[in-house]
Amino acid sequence: MGTIGVVTYLVVVFLILCYIKVCIEKTKHLAYRTLLKGIFDYDEFMWADEEVPFIIIFLNYDSSYYGDIDALISNGGGKFIIVLQAPEWLFNLKSQIWSQHTLIDAKKLGQSLNLEGIFSRSKRGKIRYFSKPYEFLEYHNSKLNFLSKLDKFFSKK
């Protein structure tokens, strides 16, 4: 096999790998869409207006960073939709503590969720997925804190 044969072989392998990657991405997007549809069906009043932004947090009690995310949710000022995979006693406790948020039991969505992350819909209707919930919530809380301080500063004048 000459150099042209090797290059052709590598190009074919590369194209096959690209195709596999595209197929995996499409499958992930389909799974995310199905999951979001389950949440939409669960809580219909939030989805009537497509211009209302929302943040959906998928949180698993067995996660290594559950405590950190719990603190950010408890201390933050935003309103979230939280899909919590946890024992029933913890779910009941968190629904009392997080009364300002919409809490959904992951078991009621009909599947075991291994997904941890955040879906966010902007005012324009674009939905994005963030795989690092701690960093997203830290940024979100600091942004809300900054905006509230800015608002207080300008309301004094």
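The values are calculated or read from the model by the stated rules, or taken from the named source; none is laboratory data. Everything quoted here is computed from the prediction, not taken from an experiment. Heads up, the Cβs are rebuilt from the backbone with ideal geometry, glycines too, and the neighbour counts pull from every protein chain shown. What goes into the accessible areas is simple: the full protein's heavy atoms, side chains included, and nothing from ligands, DNA or RNA. Shrake-Rupley method; radii C 1.70, N 1.55, O 1.52, S 1.80 Å.
Observations on the structure shown:
- Index of the failed condition, residue 99 passing every other in (1) of a type outside the set (Phe, Trp, Tyr); (2) farther than 30 Å from residue 28 by Cβ; (3) assigned to a helix (DSSP H, G or I): (3)
- Residues of segment 136-156 that are under 24 Å from residue 65 (Cβ atoms) and open to solvent by 100 Å² or more (accessible area, probe 1.4 Å): 139, 146.
- Test: residue in segment 119-136 that is among the charged types (D, E, K, R), over 23 Å from residue 28 (Cβ atoms) and at pLDDT 80 or above: no
- Whichever residue in segment 121-135 is not basic (Lys, Arg) and not in a loop (DSSP other than H, G, I, E, B) and, among such residues, is farthest from residue 65 (Cα to Cα): 127
- Considering residues of segment 68-122 that are touching a His at 6+ places or on another chain (Cβ under 8 Å) and within 21 Å of residue 146 (Cα to Cα) only, the residue most open to solvent (accessible area, probe 1.4 Å): 79
- The condition (being modelled with pLDDT of 85 or more and either polar (S, T, N, Q) or not in a strand (DSSP E or B) (or both)) is satisfied by just one residue among 57, 39, 73: 73.
- Candidate set: segment 123-132, residues that are in contact (Cβ under 8 Å) with a residue 12 or more places away in the chain and in contact with a Ser or Thr (Cβ under 9 Å, 6 or more places away or on another chain); chosen: the one nearest to residue 149 (Cα to Cα): 130
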